[in-house]
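S.K.: Pasting a structure here, questions to come.
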Amino acid sequence: MKKYILDLTVTENIRLHTNYVLIKLTQSEPLPDMLPGQFAEIRVDGSNTTFLRRPISINYVDRTTNEVWFLIQLVGDGTRQLATVKKGDTVNVVLPLGNGFSMPQTPDEKVLLIGGGVGTAPMLYLGEALLKMGCKPAFLLGARSKNDLLQLEQFGAFGDVYTTTEDGSAGEKGYVTMHSILKGNKFDKIYTCGPKPMMMAVAKYANEHNIECEVSLENTMACGVGACLCCVENTKEGHVCVCKEGPVFNIKKLLWQI
């Protein structure tokens with residue numbers, strides 16, 4: 001897909017949690033086509049310590065308002081600076097980057113979308129795309145506590161939502177792979193994004209139950225176009241740049257010990 005360098009205007013900056021903000025951006029022209037699972041490289045302005053763009057998953061594309069959403073976790077100087085933008089500010093982005101999730105072959109397939117932490121971000125846009133093709137997804141979202149579960153209302157508009165928390169403050173206590181939905185249902189396909197140990201556990205479950213599974217890797221992606229080689233992943237096809245060949249991979253292509 002064609003890539004664009006755009007100066008977008010902030011329409012909203014919503015503090016969802018102490019460590020998370022939702023930034024909505026727009027422009028006067030219609031936004032480019034974007035696929036669920038793709039990401040953007042966002043320039044950080046006004047920081048003396050951040051020189052590289054930050055890779056952020058595309059959370060949602062609202063065509064009615066011509067907005068693209070980014071769910072940003074505040075983990076360092078770069079993301080903390082991004083979190084300070086205000087309505088009317090200009091944010092420079094490169095998008096869409098990488099590949100996206102593959103769609104089910106038929107709407108009859110039973111699919112489960114599993115997200116952990118900020119890894120829930122790409123699942124929202126994917127959920128809408130699945131519903132539009134007639135495939136109602138189920139969402140399994142994991143977090144440390146109930147306050148870390150984000151956008152539940154938005155997820156609920158596209159499918160059934162199940163949650164886990166490590167402290168048991170919401171949903172079932174434990175990790176996503178311990179949720180009862182995995183014991184009482186047979187899924188045809190699983191999509192997942194989150195911390196690598198979580199994705200590996202999900203991939204192991206999918207492999208053991210002969211379920212197609214795609215993961216969205218979160219390797220460090222400095223350039224977003226395969227030039228800097230920071231995000232290389234060793235696969236069955238050799239070393240590849242996650243930002244260019246991914247971030248979405250079928251687990252059958254990865255060399256994970258599952």
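The values are calculated or read from the model by the stated rules, or taken from the named source; none is laboratory data. Being a predicted model, the structure only gives us computed values, none of them experimental. All Cβ positions, glycine included, derive from the backbone under ideal geometry; neighbour counts span all protein chains shown. All accessible areas refer to the heavy atoms of the entire protein, side chains included, with ligands and DNA or RNA removed. Shrake-Rupley method; radii C 1.70, N 1.55, O 1.52, S 1.80 Å.
S.K.: Divide by every residue of the chain the summed helix terms, -39500 (n - 2.57) for each DSSP H run of at least 4, and state the resulting mean residue ellipticity at 222 nm, rounded to the nearest 500 deg cm²/dmol.
M.R.: Helices in the chain give a 222 nm mean residue ellipticity of -4500 deg cm²/dmol.
S.K.: Given the C-alpha centroids of the range 114-168 and the range 5-75, what is the distance between them in whole angstrom?
M.R.: With the range 114-168 and the range 5-75 each reduced to a Cα centre, they are spaced 19 Å.
S.K.: Moving on. Provide the descending list of Cα extents for the chain along its principal axes, expressed in whole angstroms.
M.R.: Here the Cα extents, ordered largest to smallest, are 49, 41, 34 Å.
S.K.: Ignoring ligands, DNA and RNA, how do Thr49, Thr18, Thr26 rank by accessible area with a 1.4 Å probe, largest first?
M.R.: If we order Thr49, Thr18, Thr26 from most to least accessible, we get Thr18, Thr49, Thr26.
S.K.: Leaving out same-chain residues fewer than 8 places away, which lysines sit with a Cα under 24 Å from that of Lys183?
M.R.: Excluding near neighbours in sequence, the set is Lys110, Lys136, Lys146, Lys173, Lys196, Lys204, Lys252.
S.K.: Compute, for His209, the solvent-accessible surface of its heavy atoms (probe 1.4 Å) with the complete set of protein chains present, and express it in square angstrom to the nearest 10.
M.R.: It works out to around 80 Å².
S.K.: At 1.4 Å probe size, with the rest of the protein present, what percent of the exposed accessible area of the chain is carbon and sulfur atoms?
M.R.: With neighbouring chains kept in place, the figure for the chain is 49 percent.
S.K.: Now for a different question. With every protein chain present, what is the per residue accessible area of the chain (1.4 Å probe, Å²)?
M.R.: 47 Å²
S.K.: State whether the range 102-226 is rounded, prolate or oblate according to the following rule on the C-alpha gyration tensor (a ≥ b ≥ c being the square roots of its eigenvalues): a/c under 1.5 gives rounded; otherwise a/b larger than b/c gives prolate, and the remaining case gives oblate.
M.R.: rounded
S.K.: Where both partners of a DSSP beta bridge lie in the chain, what percent of those bridges are antiparallel, to the nearest 5?
M.R.: For the chain, the DSSP antiparallel bridge percentage is about 60.
S.K.: Continuing with the same structure: Which values, in whole Å and largest first, are the semi-axes of the equivalent ellipsoid of the range 181-258 obtained as the square root of 5 times each eigenvalue of the Cα gyration tensor?
M.R.: Value: 26, 12, 10 Å, ordered largest first.
S.K.: Oh, and also: At 1.4 Å probe size, what's the solvent-accessible area of Leu35? Round to the nearest 10 Å².
M.R.: Using a 1.4 Å probe on the heavy atoms, I get roughly 80 Å².
S.K.: For Ile23, Ile14, give me the order by solvent-accessible area with a 1.4 Å probe, most accessible first, ignoring ligands, DNA and RNA.
M.R.: Ile14, Ile23
S.K.: Right, another one. To the nearest 20 debye, what charge dipole does the range 1-87 have about its Cα centre, counting +1 at the Cβ of each Lys and Arg and -1 at the Cβ of each Asp and Glu?
M.R.: My answer is approximately 140 debye.
S.K.: Lys/Arg Cβ at +1, Asp/Glu Cβ at -1, dipole of the range 1-127 taken about the Cα centre: which of Gly76, Gly37, Asn59 is farthest positive-ward?
M.R.: Of Gly76, Gly37, Asn59, it is Gly76.
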